[in-house]
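Engineer: Before I ask anything, here is the structure I am working with.
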Amino acid sequence: MPDAAGVLPQAQSAHETLPEAAQGSAAVLAEITTGLLAARPYISPKYLYDTLGSKLFEAICELDEYYPTRTEAAIFARYGADMAACIGHGASLIDLGAGNCAKAAQLFPLLRPQQYVPLDISAEFLTQAVYGLQQRFPAIEMTPLGLDFSAGFSLPESVSASRRLFFYPGSSIGNFSPVQALALLRNLRANAGEDGGLLIGIDLVKNSAVLDAAYNDALGVTAAFNLNLLRHVNRLIGADFDLAQWQHYAYFDAAASRIEMHLEARTALSVQWQGGTQQFARGDRLHTEDSYKYTPQAFQQLLQSAGFETVQHWTDPDNWFAVLYARAVP
Ligand code: AVJ
């Protein structure tokens with residue numbers, strides 16, 4: 001996942017010494033300002049991931065209510081060998097939003113990639129993770145790339161042009177609307193070449209009580225994760241959000257097939273930031289994240305429209321999560 005260093009190229013330790021409003025770039029200020037002044041105010045979910053936000057997300061993954069992480073891990077543990085049999089050895093494994101590279105590293109012994117290409121918006125973090133990994137797997141050529149793959153991208157020549165296998169676990173594609181997801185998948189297809197493929201994790205549509213609980217945990221970790229976005233934005237654009245005036249609000253919208261996460265004003269309030277101000281009435285909301293849920297059929301449709309054909313998919317016994325392997329259609 002993207003984290004603070006992707007938004008701010010400065011080292012984390014520099015944060016304390018910088019004047020508050022100087023910590024974000026002009027582009028970040030412009031982007032957040034646009035969202036705050038919109039008729040339905042929003043802030044991009046990428047700002048959930050500063051250093052504390054990334055730790056809170058890790059904590060979410062430990063919660064009983066948050067099933068995606070452990071369910072996906074169980075699918076990889078149970079069917080990893082089967083996946084490797086489908087995919088074959090010697091691919092160039094391109095890890096999208098690699099973070100600490102742990103999920104891919106677990107598959108190395110089975111997939112035996114010839115090259116590992118972790119992509120992450122946070123190049124600094126990646127370089128450190130890869131350093132340790134290279135010691136453990138000296139036979140795999142490692143090519144970390146600090147790039148934002150959600151914008152259109154093309155891979156440099158240092159990435160083998162054949163047998164490109166994109167790896168996109170965690171159901172992170174759910175943060176994109178289906179239209180945006182299709183654009184991203186088309187871009188992957190364009191970069192995959194004729195013999196490329198995609199191994200992707202998606203969260204499935206299920207009983208809405210299970211979904212609601214996963215984003216409204218009893219311990220309040222998801223609420224803290226959501227509210228922390230305001231702390232981060234205060235630092236980025238010199239805003240004065242008072243966290244005590246806001247509350248976490250998340251629900252499953254069945255018609256749109258997505259969890260919507262918002263922050264709701266507990267009282268009438270106003271917010272000031274560098275060059276802007278906005279009023280909120282009690283009950284007004286700030287939209288912070290969408291998390292789309294798919295049926296296997298709907299996601300296969302999307303893959304097909306993007307130029308991939310699904311070869312195989314694996315799920316858990318409850319059908320809560322799926323991992324799909326799709327090949328580029330030549
Ligand atoms: C990291 C985008 C997959 O949508 O479930 C967890 C983020 N938000 N709890 C998700 C998240 C609230 C997560 N993804």
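Engineer: Determine, yes or no, whether residue 93 is at pLDDT 95 or above and open to solvent by less than 40 Å² (accessible area, probe 1.4 Å).
Structural biologist: Values: at pLDDT 95 or above: yes; open to solvent by less than 40 Å² (accessible area, probe 1.4 Å): yes.
Judged against the criteria, residue 93 is a match.
Engineer: Residue 98: surrounded by fewer than 18 Cβ atoms within 10 Å (Cβ to Cβ), of a type in the set (Gly, Ala, Ser), within 25 Å of residue 222 (Cβ to Cβ) and in the same structural domain as residue 315 (by TED's automatic domain parsing), yes or no?
Structural biologist: Numbers: surrounded by fewer than 18 Cβ atoms within 10 Å (Cβ to Cβ): no; of a type in the set (Gly, Ala, Ser): yes; within 25 Å of residue 222 (Cβ to Cβ): yes; in the same structural domain as residue 315 (by TED's automatic domain parsing): yes.
Answer is no for this residue.
Engineer: Same structure again: With the condition being of a type in the set (Ser, Thr, Tyr) and touching a residue at least 24 places away in the same chain (Cβ under 8 Å), I'd like the strands (runs of 3 or more DSSP E) fully within segment 202-281 carrying at least 2 qualifying residues. First the steps, then the outcome.
Structural biologist: Details: elements: 246-253, 258-265, 269-273, 276-280.
So the answer is 246-253.
Engineer: In addition: For residue 229, all conditions in the list (1) within 12 Å of the ligand (Cβ to nearest atom); (2) assigned by TED's automatic domain parsing to the domain that holds residue 92 hold save one; what is the number of the exception?
Structural biologist: (2)
Engineer: Of all residues in segment 201-250, count the ones that are hydrophobic (A, V, I, L, M, F, W, C) and in contact with a His (Cβ under 6 Å, 6 or more places away or on another chain). It would help to see each step written out before you state the result.
Structural biologist: Taking segment 201-250 as the starting set, the residues that turn out to be hydrophobic (A, V, I, L, M, F, W, C) are 202, 204-205, 209-211, 213-214, 218-219, 221, 223-225, 227, 229-230, 233, 236-237, 239, 241, 243-244, 246, 250.
From the residues that got through so far, the ones that are in contact with a His (Cβ under 6 Å, 6 or more places away or on another chain) too are 223.
Here the count works out to 1.
Engineer: Residue under question is residue 264, and the condition is that it be open to solvent by less than 50 Å² (accessible area, probe 1.4 Å) and in contact with a Gly (Cβ under 9 Å, 6 or more places away or on another chain); does it hold? Spell out the reasoning first.
Structural biologist: Working: open to solvent by less than 50 Å² (accessible area, probe 1.4 Å): yes; in contact with a Gly (Cβ under 9 Å, 6 or more places away or on another chain): yes.
So residue 264 fits the description; yes.
Engineer: So which residues in segment 141-159 are in a loop (DSSP other than H, G, I, E, B) and open to solvent by 30 Å² or more (accessible area, probe 1.4 Å), if there are any at all? Outline the logic, then answer.
Structural biologist: Step one: filter segment 141-159 for residues in a loop (DSSP other than H, G, I, E, B), giving 143-144, 146-159.
Matches in segment 141-159: 144, 146, 147, 148, 150, 151, 152, 154, 156, 157, 158.
Engineer: So which residues in segment 32-79 are hydrophobic (A, V, I, L, M, F, W, C), part of a helix (DSSP H, G or I) and open to solvent by 20 Å² or more (accessible area, probe 1.4 Å), if there are any at all?
Structural biologist: Step one: of segment 32-79, the residues hydrophobic (A, V, I, L, M, F, W, C) are 32, 36-39, 43, 48, 52, 56-57, 59-61, 63, 73-77.
If we keep only those that are part of a helix (DSSP H, G or I) as well, we get 32, 36-37, 48, 52, 56-57, 59-60, 73-77.
Answer for segment 32-79, where residues must be hydrophobic (A, V, I, L, M, F, W, C), part of a helix (DSSP H, G or I) and open to solvent by 20 Å² or more (accessible area, probe 1.4 Å): 37, 52, 56, 57, 59, 73, 74, 76, 77.
Engineer: Here's another thing I want to ask about it. Tally time: how many residues in segment 141-180 are within 23 Å of residue 73 (Cα to Cα), away from the ligand (no atom under 16 Å from the Cβ) and among the hydroxyl-bearing types (Ser, Thr, Tyr)?
Structural biologist: 0
Engineer: Which one is farthest from the ligand (Cβ to nearest atom), of the residues in segment 288-330 that are part of a strand (DSSP E or B), β-branched (Val, Ile, Thr) and at pLDDT 95 or above? Outline the logic, then answer.
Structural biologist: First, pick out the residues of segment 288-330 that are part of a strand (DSSP E or B): 288-292, 294, 308-315, 321-328.
From what's left, β-branched (Val, Ile, Thr): 288, 310-311, 315, 323.
With the extra rule that they be at pLDDT 95 or above, the set shrinks to 288, 315, 323.
Details: 288: 9, 315: 17, 323: 14 Å.
The selected residue is 315.
Engineer: Before we move on, is residue 153 under 30 Å from residue 30 (Cβ atoms) and modelled with pLDDT under 95?
Structural biologist: Numbers: under 30 Å from residue 30 (Cβ atoms): yes; modelled with pLDDT under 95: yes.
So residue 153 fits the description; yes.
The values are calculated or read from the model by the stated rules, or taken from the named source; none is laboratory data. Computed from a predicted model, the values in this text were never measured in an experiment. A quick note on method: Cβ atoms are made from the backbone with ideal geometry, for glycine too, and the neighbour counts reach across all protein chains shown. For the accessible areas, the whole protein counts, side chains as well, though only heavy atoms, and no ligand, DNA or RNA atoms are used. Shrake-Rupley method; radii C 1.70, N 1.55, O 1.52, S 1.80 Å.
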